[in-house]
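Q: Mind looking over this structure? Questions follow.
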Amino acid sequence: MSTVQKGKIGVTTDNIFPVIKKFLYSDHEIFLRELVSNAIDATQKLKTLSSFGEFKGELGEMNVKVTVDKEAGTLTVSDHGIGMTAEDIDKYINQIAFSGAEEFLEKYKDNAASIIGHFGLGFYSAFMVSTKVEIRSLSYKENAQAVRWECDGNPEFTMEPCDKTERGTDVILHIDPENAKFLEQNEIDALLKKYCRFLPVPVISGFEQEWKDGKMTDTDTPNVINSTEPAWTRKPADLTDKDYLEFYHQLYPGQDDPLFWIHLNVDYPFTLTGILYFPKIKNNFELTKNRIQLYCNQVYVTDSVEGVVPEFMMLLQGVIDSPDIPLNVSRSYLQSDTAVKKISGYITKKVASRLEDIFRTDRPDFEKKWDDIKIFIEYGMLTDQKFCDSAMKFTLLKDTENKFYTLEEYRTLIEGSQTDKDGNVVYIYANDPVAQYTYIKAANDRGYNVLLMDGQLDSHFIGLLESKIEKSRFVRVDSDTAENLIPSADKKAAELTPEQRDALTELFRCQIPKVDKAEFLVSFEQVNPEANPVMITQNEYMRRMKEMAAMQPGMSFYGELPDSYNLIVNVASPVVGQIMKDADANLIPQLKPMNETISANSAKAQAIRDEAKDGKLSDDQQNQIKHFDEDTEAQRHKINHIVSDYAKEQPLVKQVIDLALLANGLLRGADLNEFIRRSVSLLK
């Protein structure tokens, strides 16, 4: 080429550059990744040609340099790779739709696995931040003429011979003033470390610095940004535990050692390498995204890996690298790509297989780490059906004695003693062994085993297990009395007359202190005489709904409902027996006249309804019934007043109620203070 050549870039519209500037990539900073990737391509191509004997010269210094010239307003990316002739530039640069790496890969597909390859549109990302872009290139071919290409962001370009003497390509960006930050060395170094820290060819940016004369100054040592052989590119057999841990801390400085890791390495039906680490996940569960870094042939793509890995694996950390994942930052593209979906399925299968292998080969260690990995496994089972099916083999249940069981082992353990009258195996669990100690002990005393389900996902996980384990039912240990946790056909009913039931219900109800956002239902049961005189339980279904509502905004209706508790009076307790005996002698006789009047009013009102023709009441009949209803309401008011006055003289009733509330953490403030004062007085 001996003359200046002018022409138009082969595009289909004159508006290609505005499109590139605004829409090709979501972040302008991507330009640096693309240009450095192209430089790496050119370097790798020359190495491949040399290995084939098609290039017989000296390879020399095989690196990529990124140079900032703030005064000139330029940023230059230089390589010593394959270089380009004028014909190459016309083919690979002027024809935007063509990718040079694709043609090269086709020719050298058996030995060019490391070619990144998206030369074309990737190069034009330079115009997102530049007013003008120059290319100065000298091909590796013998007697090649160096060439200079220039374009200012319009389809017109200029190409002419130049005096470049070193093989390779310099891409010179004249940075737009609006993007002046890309002329700051610190900014460029940060971007290179983000996108290029693991590229296979050394990337040099400026010089290493040292503290001298009270400030950081450049040394004579080139600053190499990247590690060319990261751990995931090496064979697992060549790596020690120390290597894996060092790489983890290189990725995530300052974090605790991971629990274990999985080295991914597959070459069919797609190519995938990487290392996934299981970090220690704290109890205060929060789905932290952007833990896994996605690479394409060691080029950083993104840390937004939704769609590439299943949602539950967002809890993991590490690196995934695959040339089958395109260098495209569009999340929607990644999520719809067929290869990406296959990779996601493979990763799920690999993780499940690795967990099962650890469980089978070293169960004691697996049990030791269970509390740290439990939330990951439960989240996976709740959100991924295939993982759930695999995890049923190694999922563990832990009881309040800190013993571990597989799902199959635990069912075998309890089905003999914890099967209800309908044939359901009842899994009893606690979520706070300290607060629920009394209930756990009562269950243990009856020979029941109690699981510890104290994770933040357990309310959801329990529902999953009920759907997966045939004829099973989970109940929290404080959802009923120990005698009724596993319903049997010979349940004993509390033998009370209607008068006793009504009087005692009001006697206990009126002594329950007001608890914020809580309602209490009084009931009477024949429980063990040694059990507490009053117990408080909470309906399993409603409590579960409220717990799940706390994590699912769509269930806010349940979250707004008050907590519903059952205040169970143990009529077999000697203390309650004394309360009932006193009530029979001193309270119920006072209520007899009012109860007789209420019964009489009810009978009279019903007689009037029976006499009505065709069920239609006359005005006089309606007035009579209204009179009876009003009198009944007045009698009930008298009853409540009498019971309330009687209760004030019965501190024992208040005491047993407050004891039950205290055991459940429901006695607070002034009520707690009054309980302490009363307790002291009862001791005198």
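Q: Of everything in region 496-508 that's open to solvent by 40 Å² or more (accessible area, probe 1.4 Å) and touching a residue at least 40 places away in the same chain (Cβ under 8 Å), which residue is nearest to A435 (Cα to Cα)?
A: Our first condition is that a residue be open to solvent by 40 Å² or more (accessible area, probe 1.4 Å); within region 496-508, this holds for 497-499, 501-502, 505.
Checking which are touching a residue at least 40 places away in the same chain (Cβ under 8 Å) leaves us with 499, 502.
Details: E499: 36, D502: 32 Å.
So, considering only residues that are open to solvent by 40 Å² or more (accessible area, probe 1.4 Å) and touching a residue at least 40 places away in the same chain (Cβ under 8 Å), the one nearest to A435 (Cα to Cα) is D502.
Q: Looking only at region 73-96, filter to residues that are closer than 13 Å to A144 by Cβ and not small (G, A, S); which one of those is surrounded by the fewest Cβ atoms within 10 Å (Cβ to Cβ)? Talk me through it step by step, then tell me what you get.
A: We begin by selecting, within region 73-96, every residue closer than 13 Å to A144 by Cβ; these are 82-89.
Now drop any that are not not small (G, A, S), which leaves 82, 84-85, 87-89.
Numbers: I82: 25, M84: 28, T85: 18, E87: 11, D88: 18, I89: 22.
Among those residues, the one meeting the criterion is E87.
Q: Counting just the residues of region 509-526 that are more than 18 Å from L652 (Cβ to Cβ) and touching a strand residue (DSSP E or B) at 6+ places or on another chain (Cβ under 7 Å), which one comes out most open to solvent (accessible area, probe 1.4 Å)? Break it down stepwise before answering.
A: From region 509-526, those more than 18 Å from L652 (Cβ to Cβ) are 514-521, 523, 525-526; that's our starting set.
Checking which are touching a strand residue (DSSP E or B) at 6+ places or on another chain (Cβ under 7 Å) leaves us with 517-521, 523, 525.
Values: K517: 150, A518: 23, E519: 106, F520: 47, L521: 110, S523: 35, E525: 30 Å².
Ranking the qualifying residues of region 509-526, first place goes to K517.
Q: So if I check each of I625, I579, which one is within 24 Å of L507 (Cβ to Cβ) and hydrophobic (A, V, I, L, M, F, W, C)? First the steps, then the outcome.
A: Working: I625 fails: within 24 Å of L507 (Cβ to Cβ).
After applying the criteria, what remains is I579.
Q: Does A531 qualify as being surrounded by 20 or more Cβ atoms within 10 Å (Cβ to Cβ) and among the small types (G, A, S)?
A: Values: surrounded by 20 or more Cβ atoms within 10 Å (Cβ to Cβ): no; among the small types (G, A, S): yes.
Answer is no for this residue.
Q: Next question. Which residue is nearest to V66 (Cα to Cα), if the candidates are limited to region 1-49 and must be in contact with an Asp or Glu (Cβ under 6 Å, 6 or more places away or on another chain) and modelled with pLDDT of 85 or more?
A: This residue is A39.
Q: Any idea which of P253, P269, P258 is touching a residue at least 24 places away in the same chain (Cβ under 8 Å), loosely packed, with under 13 Cβ neighbours inside 10 Å and not aliphatic (A, V, I, L, M)?
A: P269
Q: Mind telling me which of the residues K349, K341 ends up being open to solvent by 10 Å² or more (accessible area, probe 1.4 Å) and at pLDDT below 85?
A: None of the others qualify; the one that does is K341.
Q: Ok, one more. Which of the numbered conditions does P155 fail, given that it passes all the others? Conditions: (1) out of contact with any Leu (no Cβ under 9 Å at 6 or more places or on another chain); (2) more than 16 Å from T67 (Cβ to Cβ); (3) open to solvent by 20 Å² or more (accessible area, probe 1.4 Å).
A: Checking P155 against (1) out of contact with any Leu (no Cβ under 9 Å at 6 or more places or on another chain); (2) more than 16 Å from T67 (Cβ to Cβ); (3) open to solvent by 20 Å² or more (accessible area, probe 1.4 Å), the one that fails is (3).
Yes/no per residue for (1) under 36 Å from the mean Cα position of the chain (by Cα); (2) part of a helix (DSSP H, G or I); (3) surrounded by fewer than 17 Cβ atoms within 10 Å (Cβ to Cβ):
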| residue | (1), (2), (3) |
| --- | --- |
| D189 | yes, yes, yes |
| K194 | yes, yes, yes |
| D220 | no, no, yes |
| E229 | yes, no, yes |
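Q: Need a quick list: helices (runs of 4 or more DSSP H) entirely within region 590-684 having at least 1 residues that are over 28 Å from L567 (Cβ atoms). Reasoning before the result, please.
A: Details: elements: 619-648, 651-663, 669-683.
Result: 619-648.
Q: Give the number of residues within region 276-333 that are at pLDDT 80 or above, within 28 Å of D241 (Cβ to Cβ) and among the hydroxyl-bearing types (S, T, Y).
A: 4
Q: If P574 satisfies all but one of (1) open to solvent by 90 Å² or more (accessible area, probe 1.4 Å); (2) of a type outside the set (F, W, Y); (3) at positive phi, what's the number of the condition it fails?
A: (3)
Q: Residue check: is K613 modelled with pLDDT of 90 or more and of a type in the set (K, R)? Before the answer, list the steps.
A: Numbers: modelled with pLDDT of 90 or more: no; of a type in the set (K, R): yes.
No: the conditions fail for K613.
Q: For residues that are under 15 Å from K341 (Cα atoms), open to solvent by less than 10 Å² (accessible area, probe 1.4 Å) and out of contact with any helix residue (DSSP H, G or I) (no Cβ under 6 Å at 6 or more places or on another chain), tally how many sit in region 294-320.
A: The total comes to 4.
The values are calculated or read from the model by the stated rules, or taken from the named source; none is laboratory data. No experiment lies behind these values; they were computed from the predicted model shown. With ideal geometry, Cβ positions are generated from the backbone for all residues, glycine too; neighbour counts draw on all protein chains shown. For accessibility, only protein heavy atoms count, side chains too; no ligands or nucleic acids. Shrake-Rupley method; radii C 1.70, N 1.55, O 1.52, S 1.80 Å.
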